[in-house]
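Peer 1: Before I ask anything, let me first share the structure, which is written out below as structure tokens.
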Amino acid sequence: MIESLQSVANRGPSGASSRDSLLLRALARRNGSRPPVWFMRQAGRYHRHYQALRARHEFMQLCKQPSLAAEVTLGPIEEFGFDAAILFSDLLFPLEAMGMGLRYAPGPQLDWHLRSASDLARLRGGAERVSALEFQGEALRLLRARLPESCGLIGFVGGPFTLYAYAVAGSHEGFTAAGPAGQAGLDPDLYAGFTERLRGLLAANMALQVEAGADCVAIFDTAAGTLSPEGFGSAAVPLAEVIATFRARCPHTPLIYYSRDTGPAHWEHLGGIDVQCLGIDWRHDLVSVLQQQGRRWAIQGNIDPQWLLLPAAELEARLRPWFSRLRAQPAALRTGWVCGLGHGVLQHTPESNVKLVLELQREFFQ
């Protein structure tokens, strides 16, 4: 089913969607139907559709040309039938908008890194910088016009702490929160100065995506697991400030927060932060998390992405008891479950295994 561009008008002044997709019902913890399913990185390197586009275009073109970004995003929706599309983009574009430069060779590289207080003066912050990200808004408008009403549309940004890790180290993989002197680490003053400049831009980026058609926004904080629970609590303060600023424009839009390598002791520090869904990695028992955290948040996750690299028969042998255990729980426990992976789809995942996960999910939760 193809929507007209008029569907973008199907929103209130706050940007809240009036659609009632499986995704939105689950995020509101009131889904009595099949749980929605989408995967992080569902549009990416494992997929022939993406590979064909990437063979003709640079990565930055795929992100910054709205028609190409929309085409990449739609590929897995049209082939696999996910219940939600997530904008194909990159979480580092706000750093580029702040003047840090960005190129891919082939991975992301910033022109310079945040090393000292003197570097803060080089950062251009503020909500007005969001004009540099309008390509995301245009891609989302194209997507909303082509997606069926039943398909959720997800925008996303990086969490403040993860963006800081990239700004300091060039990669969250090279960042150590408690690094020794001379190595990338968490400098409280530098972090405060960085997030002060980031806050308005990141909140405006989230609002831009919602006002262009996103039903919700995911905040990916993949570096958060480098922090102790206490450090996570301190580092989460700017996250709360970004969300509060965003809420002035979009008071009702659901937010998904995903952090890797974190657990209940970390999540306790999110209690006062206005997010509706907690994304968890594959290290946690999903039933236990639904039981313990499901009254506070919708829960997203958390099939091990490595399982999808297995031969199909072995993947099925692992998924059937996993789904069976979830189906055996009281239906009320699943009203806020968003089915997905505990992280992103891995590069060499067979497409047939992606299809198998979705087929089995539908078989178990008709």
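Peer 1: Return the pairs, sorted by first residue and then second, in which the second residue is part of a helix (DSSP H, G or I) and open to solvent by less than 50 Å² (accessible area, probe 1.4 Å), the first residue lies in region 42-60 and is over 19 Å from residue 85 (Cβ atoms), the beta carbons are less than 7 Å apart, and the residues are 6+ apart or on different chains.
Peer 2: Matching pairs, first to second residue: 57/68.
Peer 1: Can you pull out every residue in region 235-273 that is closer than 15 Å to residue 162 by Cβ and not aliphatic (A, V, I, L, M)?
Peer 2: 238, 257, 258, 259, 260, 261, 262, 266
Peer 1: Taking the options 214, 207, name whichever one is modelled with pLDDT of 95 or more, open to solvent by less than 30 Å² (accessible area, probe 1.4 Å) and touching a Cys at 6+ places or on another chain (Cβ under 6 Å). Even if it seems obvious, please write down each step before you answer.
Peer 2: Numbers: 214 fails: touching a Cys at 6+ places or on another chain (Cβ under 6 Å).
Going through 214, 207 in turn, the sole match is 207.
Peer 1: Of the numbered conditions (1) under 18 Å from residue 300 (Cβ atoms); (2) surrounded by fewer than 20 Cβ atoms within 10 Å (Cβ to Cβ), residue 240 fails exactly one; give the number of that condition.
Peer 2: (1)
Peer 1: So which residues in region 270-305 are in contact with a Cys (Cβ under 6 Å, 6 or more places away or on another chain) and over 27 Å from residue 316 (Cα atoms), if there are any at all?
Peer 2: If we filter region 270-305 for residues that are in contact with a Cys (Cβ under 6 Å, 6 or more places away or on another chain), which is where we start, we get 297-298, 300.
Hit for region 270-305 is 297, nothing else.
Peer 1: Scan region 102-126 for residues that are more than 22 Å from residue 189 (Cα to Cα) and touching a residue at least 60 places away in the same chain (Cβ under 8 Å) and jot them down.
Peer 2: 107, 108, 109 - these are the residues of region 102-126 that are more than 22 Å from residue 189 (Cα to Cα) and touching a residue at least 60 places away in the same chain (Cβ under 8 Å).
Peer 1: Restricted to region 351-366, and to residues that are of a type in the set (S, T, N, Q) and open to solvent by less than 10 Å² (accessible area, probe 1.4 Å), which residue is nearest to residue 319 (Cα to Cα)?
Peer 2: Within region 351-366, the match that is nearest to residue 319 (Cα to Cα) is 361.
Peer 1: How many residues does region 122-149 contain that are open to solvent by 50 Å² or more (accessible area, probe 1.4 Å) and modelled with pLDDT under 95?
Peer 2: Residues in region 122-149 being open to solvent by 50 Å² or more (accessible area, probe 1.4 Å) and modelled with pLDDT under 95: 1 in total.
Peer 1: Here's something else I'd like to know. Taking interchain pairs and intrachain pairs at least six residues apart, which have beta carbon atoms under 6 angstrom, with the first residue in region 260-277 and in contact (Cβ under 8 Å) with a residue 40 or more places away in the chain and the second in a loop (DSSP other than H, G, I, E, B)?
Peer 2: Short answer, once both residue conditions are applied: 260/222; 260/281; 269/236; 276/254; 277/297.
Peer 1: Counting only residues that are among the aliphatic types (A, V, I, L, M) and touching a helix residue (DSSP H, G or I) at 6+ places or on another chain (Cβ under 6 Å), how many does region 54-86 have? Reasoning before the result, please.
Peer 2: In the first step, residues of region 54-86 are kept if they are among the aliphatic types (A, V, I, L, M); the result is 55, 60, 62, 68-70, 72, 74, 77, 84-86.
Next, from what is left, pick out any that are touching a helix residue (DSSP H, G or I) at 6+ places or on another chain (Cβ under 6 Å): 62, 68-70, 72, 84-85.
Going through region 54-86 one residue at a time, the tally reaches 7.
Peer 1: Now for a different question. Regarding residue 327, is this residue of a type outside the set (Asp, Glu), farther than 21 Å from residue 76 by Cα and without any contact (Cβ under 8 Å) to a residue 40 or more places away in the chain?
Peer 2: So residue 327 fits the description; yes.
Peer 1: Output the residues belonging to region 234-257 that are over 23 Å from residue 153 (Cβ atoms), of a type in the set (S, T, N, Q) and at pLDDT 95 or above.
Peer 2: Within region 234-257, no residue meets the criteria.
Peer 1: Between a residue in region 354-366 that is touching a residue at least 12 places away in the same chain (Cβ under 8 Å) and farther than 15 Å from residue 38 by Cβ and any residue that is open to solvent by less than 10 Å² (accessible area, probe 1.4 Å) and not in a helix (DSSP H, G or I), which pairs come within a Cβ distance under 9 Å, given they are 6 or more apart or on different chains?
Peer 2: Partner pairs satisfying both residue conditions: none exist.
Peer 1: Go through (1) buried (at least 23 other Cβ atoms within 10 Å of the Cβ); (2) outside any loop (DSSP other than H, G, I, E, B); (3) not hydroxyl-bearing (Ser, Thr, Tyr) and name the single condition residue 230 misses.
Peer 2: (1)
Peer 1: Can you confirm whether region 177-188 contains a residue that is in a helix (DSSP H, G or I), at pLDDT 95 or above and open to solvent by 10 Å² or more (accessible area, probe 1.4 Å)?
Peer 2: Within region 177-188, not a single residue is in a helix (DSSP H, G or I), at pLDDT 95 or above and open to solvent by 10 Å² or more (accessible area, probe 1.4 Å).
Peer 1: Are any residues in region 243-257 open to solvent by 10 Å² or more (accessible area, probe 1.4 Å) and of a type in the set (Ser, Thr, Tyr), and if so, which ones?
Peer 2: 245
Peer 1: Name every residue in region 24-51 that is closer than 14 Å to residue 334 by Cβ and open to solvent by less than 20 Å² (accessible area, probe 1.4 Å), in order of residue number.
Peer 2: Listed by number, the residues that qualify are 26, 27, 31, 35, 36, 37.
The values are calculated or read from the model by the stated rules, or taken from the named source; none is laboratory data. Note that the coordinates shown come from a computational prediction; the quantities given were computed from them, not determined experimentally. Note that we place each Cβ from the backbone using ideal geometry, even for glycine, and neighbour counts take in every protein chain shown. Each accessible area value is taken on the protein alone, full model and side chains, heavy atoms only, with ligands, DNA and RNA left out. Shrake-Rupley method; radii C 1.70, N 1.55, O 1.52, S 1.80 Å.
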